[in-house]
1. Please report the relative contact order for the range 38-100, taking Cα pairs under 8 Å with a sequence separation of at least 6, and give it as a percent rounded to a whole number.
2. When Asp257, Asp189, Asp139 are ordered from fewest to most other Cβ atoms inside 10 Å of their Cβ, what list results?
3. Can you figure out the FRET efficiency of Ser289 with Glu68, using R₀ = 35 Å and their beta-carbon distance, to the nearest 0.05?
4. Give, as a single signed number, the net charge of other residues whose beta carbon lies under 12 Å from the beta carbon of Arg25, with Lys and Arg counted +1 and Asp and Glu -1.
5. Taking the Kirkwood radius as the inverse of the mean 1/r across Cα pairs, report the Rg/Rh of the range 209-336.
6. Using Cα atoms only, what is the angle between the long axis of helix 353-366 and the major principal axis of the chain, expressed in degrees (0 to 90) to the nearest 10?
7. Just order 161-173, 205-217 by mean Cβ neighbour count inside 10 Å, highest at the front, would you?
8. To the nearest 10 degrees, how steeply does helix 152-165 sit against the main Cα axis of the chain, on a 0 to 90 scale?
Amino acid sequence: MTDTVYDLAVVGAGVMGQFTADFARRRGAKVLLLDQWRIGDPRAASFSLTRSIRNDYMDPVYARLAFEARQLWLDFQRQTGESILIECGCLNLAKASVTPALSETYAERSYRVLEGLHLKTQAFDREGLEARFPQFDADLGRLDVEAGVMRVTPVVSALRARLQEASVLIEENTAVQRISRRGGLIAIDTAAGERAAERLVITSGLGSNDLLSRIEGCDLRLPLRPDRPNETKYLIPPAGKRAMFAPDRLPVFAYLDVGIYGHPFIEGETPGVKIGYYNPPDLNARPTSITSVQGFIDECMPALRDARMVDVQNADQCSYDLVADDDFILGAIPGLPGAAVGAGWRGTGYKFAPLIGRTLTELVFEGTTVEDISRFAPSRFEVSRAR
Ligand SMILES: Cc1cc2nc3c(=O)[nH]c(=O)nc-3n(C[C@H](O)[C@H](O)[C@H](O)COP(=O)(O)OP(=O)(O)OC[C@H]3O[C@@H](n4cnc5c(N)ncnc54)[C@H](O)[C@@H]3O)c2cc1C
């Protein structure tokens, strides 16, 4: 066993692992953050130019958690002095010729959830939309006001700088071979030698099962599955029209009934308006006329018809970590005291990252959490339970 004993070892240095390490070091813990790749590897889900931060879920539990996480992002922004969150809101759209039952659309249903939670919203009919957001051709718009777009690059550098200043050891390009209990500690055998810690957090995204299988005596396996957007494009408007797609005029936008989401154009930082199209395999929806980014532009965003469309490259080539029952996985690892796992964010995790980091830290240091996370317990997938 090595001489150095860490209070906490975190395996997986995406945004979840970085925030976990950050919350642990804030309580004075000696932390090791380990990753098989380097931080910022485009294969990891956390690395891109922008991520949306929004509260507009159809499930009030997720909406409330997203709003709480937003407060932690604002704290992080204040502490770092970096401008990381562009508060442009998130506009959910619907058009009767595409989804005729307007009252049953994602826009309308998530709006009712936000209203129920007394979060800030604005509602637009066709005329209201034309006046405020002339970029769109739609019948209904519901704005989640306290939402926006996150600049990922400064988040990554601010987090890394904070961790390094606090002497968190970041070991990149380090593969984990085996994890076991030894001498009352958690021993992590890596290609670079053995590491010992009092506690362990696994935030390894789609690599979580590989790690769980390396824990001696652990039969937990998570029903995770990778999936990717069907396409993600940058729309580069002609020079004279760019201002109307900047975040002071264009919010994050989505038509989730047809799998469309978009981020405004951040001049000098992104190549254009980002629009993704994702048709989840299990989406129980009727086919509509929109089956691509181009289809959405033709139908709902005429202001971009003369924009140049290019593929998003070097970012967002990563995958979502879908979960069989479509809920987060967050909680203790059965059979390994002092250890917890967080995974299965289903393409929507970034906005929750500080909350997840705080929760995982509470879990391994105190054995209890401020948030009720019983619904997300990993033990629901324990193999021995299914027997
Ligand atoms: C295309 C796309 C768009 C998205 N858009 C949004 C959005 O707009 N808003 C939003 O809120 N969320 C969004 N998300 C989701 C969000 O980005 C992810 O939920 C979040 O980044 C997951 O972070 P993570 O730290 O769990 O995973 P990752 O960033 O994947 O990090 C996991 C890390 O674990 C490491 N690892 C894996 N296996 C091992 C091992 N055996 N040993 C050591 N290290 C290991 C990996 O190398 C990796 O660095 C999007 C996701 C994708 C893919």
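1. In percent, rounded to a whole number, it is 18.
2. With the fewest neighbours first, Asp257, Asp189, Asp139 line up as Asp189, Asp139, Asp257.
3. Once the sixth-power term is evaluated, E becomes 0.40.
4. Within the 12 Å Cβ shell, the charges total +1.
5. 1.11
6. 20
7. Ranked by mean Cβ neighbours within 10 Å, highest first: 205-217, 161-173.
8. For helix 152-165, the angle is close to 20 degrees.
Rule-based calculations on the coordinates, nothing more; no lab input. Owing to the predicted nature of the structure, the values given are computational and were not obtained by experimental measurement. When we count neighbours, we look across all protein chains shown, and the Cβ atoms used for this are built from the backbone with ideal geometry, even at glycine.
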